[in-house]
Amino acid sequence: MKLSCTQANLLKGVATVSRITSPRPTLPVLANIYCAAEKGRLRLSATDLEIGITTWIGAKVEQEGATTVPARTFYELVANNADETIDISVENSKLTLKSSHHEAHVNGIAASEFPLIPEVKKEFSLSIPGLLFKEAIEQVVFTAATDETRPVLTGVLIKADKNQVKFVATDSFRLAEKTISLANPVGSIQVIIPARPLQEAARLIEPSIEAVELALSQNQLKMTTGSTELVSRLLEGTFPDYEQIIPKDTKTTVEVDRAKLVAALRAANIFAKDSAGSLVIRLNEERSLIVEAMSQELGSNKTTVPAKRTGEPLEVSFNIKFLLDGLNAIPSDDVVAQFRDKFSPALLKPEQDPGYLYLVMPLKLEA
């Protein structure tokens, strides 16, 4: 293998794929990046056997070939090379990096040892505007479960039908749903995708990425963003019928400035260590709400936040972190919170975005 490419493109490519390499691999080659000169480009791939990623960068290829090299070593060498162009060659699995002021020789592992990244036989495809896809993932993925007890809850439900696609995640304590309108109608499909590959795909999206292309088979997914492809398995199982728990008949509605409410919650969090991060929100006034938290060791805290309440007065308790997570995912200045009673989940919505909702279960209110 023999080629030359720019340092900037090589660094970007190595950084993109090295995130997927395993820090404690079951096989030594899983800590490596697969490098191949083919069809006038340099292919860089990595896998942890759960996710596979491939990116291509432009290169002047003199001789095709392939090897694998340790990801961390490869990245550090390229990152600390200030020369504009880098020449790469391979002989007997040893990779040589050479430029105006640097020369390094890196022992690799034969390309034949690298696990094959599956080819996804496309049975269904979906194109989503890049920045909308990124926003949707960031607004829902944090609510996916980290506990493997119920594997389907560790993923994100993607549900497409006609001119819209929904992204939904829940850990059974809170739930987030984002709806995106599509320019062109699509068929009906419902799949559950593990959270991590979606997070990795979202990280790849820059303003220049016009669309994310999803190709689905019976049990696999390929996401394409620009010159990068990410392959993952799908999760098996049935996602909970979440729509039945979204309140339809709320009795109390509050409109509040998001930043002011976030500040009140952060102040309450200082005093909520003894109570497993819980607080009380009192909605007894029509033009304000009160956030309270108490600590036997530190004392107590009460913040009054201007708000507009319609409907019945209410006092309800929540986990502070869950509320903050939801509010941080809402990009608008004002938030609408809706409640049925102190036992039912609360519904948070951005005032300017009808396509997003965040549901959070209340805690038992102590007498």
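Got a sec? Charge dipole of the chain, +1 on Cβ for Lys and Arg, -1 for Asp and Glu; which of N163, A176, N284 is way out at the positive end?
Final value for the positive-end residue is N284.
Holding the Cα-Cα limit at 23 Å, pick out from K251/K349; K2/K39; K159/K342; K134/K260; K39/K222; K121/K159 the pairs that are longer than that.
Numbers: K251/K349 16 Å; K2/K39 13 Å; K159/K342 31 Å; K134/K260 26 Å; K39/K222 21 Å; K121/K159 20 Å.
Over 23 Å Cα-Cα: K159/K342; K134/K260.
What's the magnitude of the charge dipole for the chain around its Cα centre, counting Lys and Arg as +1 and Asp and Glu as -1 at the beta-carbon? Answer in Debye, nearest 20.
Values: 40 positive and 46 negative charges, 29 e Å.
Approximately 140 debye in magnitude.
Hey, fewest Cβ within 10 Å first, where do F74, F322 land in order?
Numbers: F74 26, F322 20.
Going from sparsest to densest Cβ surroundings: F322, F74.
Determine by what factor the alpha-carbon radius of gyration of the chain differs from 2.2 N^0.38 Å, reporting the quotient.
Values: Rg = 25.0 Å, N = 367, 2.2 N^0.38 = 20.7 Å.
In units of the globular-protein estimate, the chain measures up at 1.20.
Could you work out how much longer the chain between A79 and R287 gets when fully extended? Use 0.36 nm per residue separation minus the Cα distance between them, nm to one decimal. Please report the intermediate quantities before stating the final value.
Details: separation 208, 0.36 × 208 = 74.88 nm, distance 5.54 nm.
Gain in length upon complete extension: 69.3 nm.
Among V186, F142, Y75, whose Cα sits farthest toward the positive end of the charge dipole of segment 67-208 (+1 at Cβ of Lys/Arg, -1 at Cβ of Asp/Glu, about the Cα centre)?
Working it through, the farthest residue towards the positive pole turns out to be V186.
Could you work out the relative contact order of segment 124-243, using alpha carbon pairs under 8 angstrom and six or more residues apart, expressed as a whole percent? Don't skip to the answer; put the middle values down first.
Values: 252 pairs, mean separation 35.0, N = 120.
Taking the mean separation of contacting Cα pairs over the length of segment 124-243, I get 29 percent.
For n ≥ 4 DSSP H runs only, could you compute -39500 (n - 2.57) per run for the chain, divide by its residues and tell me the 222 nm figure to the nearest 500?
Details: 6 runs with 64 residues, N = 367.
Result for the chain: -5000 deg cm²/dmol, rounded to the nearest 500.
Can you tell me what percent of all Cα-Cα pairs in segment 2-113 are more than 18 Å apart? Display every interim value, and only then the final one.
Numbers: 2641 of 6216 pairs.
Roughly 42 percent, rounded to a whole number.
Separation between the Q63 and I245 pseudo-spin-labels, each 7 Å from Cα along Cα→Cβ, expressed in nm?
It is 6.1 nm.
To the nearest 0.05, what FRET efficiency results for Q296 and D353 with a Förster distance of 30 Å applied to their C-beta separation? Write down the numbers at each step before the final one.
On the way: r = 40 Å, r/R0 = 1.34.
The formula returns an efficiency of 0.15 here.
Which three extents, in angstrom, do the Cα atoms of segment 289-361 have along their principal axes, listed largest first?
That works out to 42, 26, 23 Å along the principal axes.
Contour minus end-to-end for E103 and D333, with contour as 0.36 nm per residue of separation and end-to-end as the Cα-Cα distance?
Working: separation 230, 0.36 × 230 = 82.80 nm, distance 5.32 nm.
Answer, rounded to one decimal: 77.5 nm.
Bear in mind that the values in this text are calculations on the coordinates, not laboratory data. Remember, it's a predicted structure, so these values are computed and weren't measured experimentally. Neighbour counts run over all protein chains shown; Cβ positions are idealised from the backbone, glycine included.
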